[in-house]
Amino acid sequence: MQTNNDTIVVKIGGSTLGNDDTTLLDIAELHRRGKGVVVVHGGGPTVSDWLDRAGIATRFEKGLRVTDEASLEVVVAVLSGLVNKRLVASLAALGVNVVGLSGCDGNILRAVVRDASLGFVGEIEEVDVAPLARVLMAGGLPVLAPIGVEWEGEAPTGQLLNINADTAAGAIAEALGAAWTVFMTDVPGVKAEGSVLAELSAADAEALIGSGVIEGGMIPKVQACLRASAHGGRAVIIDGREEHALLSLIEGGSAGTVVG
């Protein structure tokens, strides 16, 4: 489903949650200009902080947080609650008609558990963009936390699942037919041999992942870019710490790594 060809999916997270940079200002400006913007956020450092407070160990495998039952409660509370509502409040203060959601609202992110060793970590099977489209068509801006609902057959099981925010952004962009998918991060782009790659093809991406050049949390980012760009949209990984990086990119600037 495609809402309009101006749709921009922006993934923010980690150290680029808009608190100390211009990302939220850029998002508000794009919304003011009539662009259909969907924000997908992470919040891994905040989740890790609250897990530490609760005395729950944090472990990652292939860039994904291993999520047991105790961890899941913290992940859901922090991402769908604290982080999401902070972003909603910040964007509202900038004059944006913003709606905070999670991927389980309206069964937006329908997922399954593929790797039991990761615990309650979901792999997206289907995206129902109808709730997002309704917000966009009403002139709103959806801000989505990457919490999905387990889906079995034709119905949800009621089990919440932790979903990587990059993966969620890529799947949502693909389902919306987004013109742009922009991953705001805290590095200049994808690096190989010490240099930032201006472009990265699907074949080269797979080769660099296989050789270990692309590793850790960059793996799901690149894979999400490939999914987002498969329908013809542009997927870019850029440094969200650069002033007005998002606005500059959409206005025709060149930065970061274009993937796909």
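The values are calculated or read from the model by the stated rules, or taken from the named source; none is laboratory data. Bear in mind that the values here come from a model prediction, so they are computed numbers and not experimental data. Methodologically, a virtual Cβ is constructed for each residue, glycine included, from the backbone with ideal geometry; neighbour enumeration extends over all protein chains shown. With ligands, DNA and RNA removed, areas are computed over all heavy atoms of the protein, side chains included. Shrake-Rupley method; radii C 1.70, N 1.55, O 1.52, S 1.80 Å.
Tell me what the chain gives for mean residue ellipticity at 222 nm when only DSSP H runs of n ≥ 4 count, each as -39,500 (n - 2.57), the sum divided by the residue total, rounded to 500 deg cm²/dmol.
Helix contribution divided over all residues of the chain: -9500 deg cm²/dmol.
Determine the per residue accessible area of the chain with all protein chains present and a 1.4 angstrom probe, expressed in square angstrom.
43
List the residues, sorted by chain then number, that are 5 or more residues from residue 163 or on another chain and whose placed amide H is less than 5 Å from its amide H.
So residue 163 has HN proximity to 122, 148.
Pull out a ≥ b ≥ c, the square roots of the eigenvalues of the alpha-carbon gyration tensor of the chain, then state rounded if a/c is under 1.5, prolate if not and a/b is larger than b/c, and oblate in the remaining case.
rounded
Around residue 228, with a cut-off of 14 angstrom between Cβ atoms, what is the net charge of the other residues, counting Lys and Arg +1 and Asp and Glu -1? Mind showing how you got there, number by number?
Details: positive: 11, 221, 227, 234; negative: 166, 174.
For residues surrounding residue 228, the net value is +2.
So which residue, out of 210, 103, 63, gets the largest mean-square fluctuation from a GNM of the chain using Cα contacts under 10 Å as springs?
Looking only at 210, 103, 63, the biggest GNM fluctuation is shown by 210.
Mind counting lysine pairs for me in the chain? Cα separation below 28 Å, and the two need to be 8 or more apart along the chain or on different chains.
So the count of such lysine pairs works out to 11.
Within the chain, which is the longest segment containing none of the GluC sites (Glu not before Pro) that sit in a DSSP loop and have at most 13 other Cβ atoms within 10 Å?
1-153
Would you work out what percent of the accessible area of region 58-98, with all protein chains in place, is carbon or sulfur (probe 1.4 Å)?
On the way: 1180 of 2100 Å².
The value for region 58-98 is 56 percent carbon and sulfur by accessible area.
Considering only the other residues whose Cβ falls under 14 Å of the Cβ of residue 48, what net charge follows from Lys and Arg at +1 and Asp and Glu at -1?
+1
Classify region 101-231 as rounded, prolate or oblate from the Cα gyration tensor: take a ≥ b ≥ c as the square roots of its eigenvalues, call it rounded if a/c is under 1.5, otherwise prolate when a/b beats b/c and oblate if not.
Taking the square roots of the gyration eigenvalues as a ≥ b ≥ c, region 101-231 is oblate.
Please report, for the Cα atoms of region 153-217, the Rg to one decimal and the Dmax as a whole number; what are they, in angstrom?
Using the Cα atoms of region 153-217, the pair Rg, Dmax is 15.6, 48 Å.
Where both residues lie in the chain, what percent of DSSP beta bridges are antiparallel, nearest 5?
Rounded to the nearest five, the antiparallel share is 35 percent.
Could you please put 85, 11, 35 in sequence from largest to smallest accessible area, using a 1.4 Å probe?
These residues rank, largest area first, as 85, 35, 11.
Quick one: of the DSSP bridges fully inside region 140-236, what percent are antiparallel, nearest 5? Don't jump to the answer; show the numbers that get you there.
Working: 7 of 10 bridges.
So the antiparallel bridges in region 140-236 amount to around 70 percent.
Which of the three applies to region 1-150, rounded, prolate or oblate, going by the alpha-carbon gyration tensor with a ≥ b ≥ c and a/c under 1.5 meaning rounded?
Since a/c reaches 1.5 but b/c is at least a/b, the shape of region 1-150 is classed as oblate.
For every other residue with a beta carbon closer than 11 angstrom to the beta carbon of residue 62, add +1 if it is Lys or Arg and -1 if Asp or Glu, then tell me the sum.
Here the charged neighbours net out to -2.
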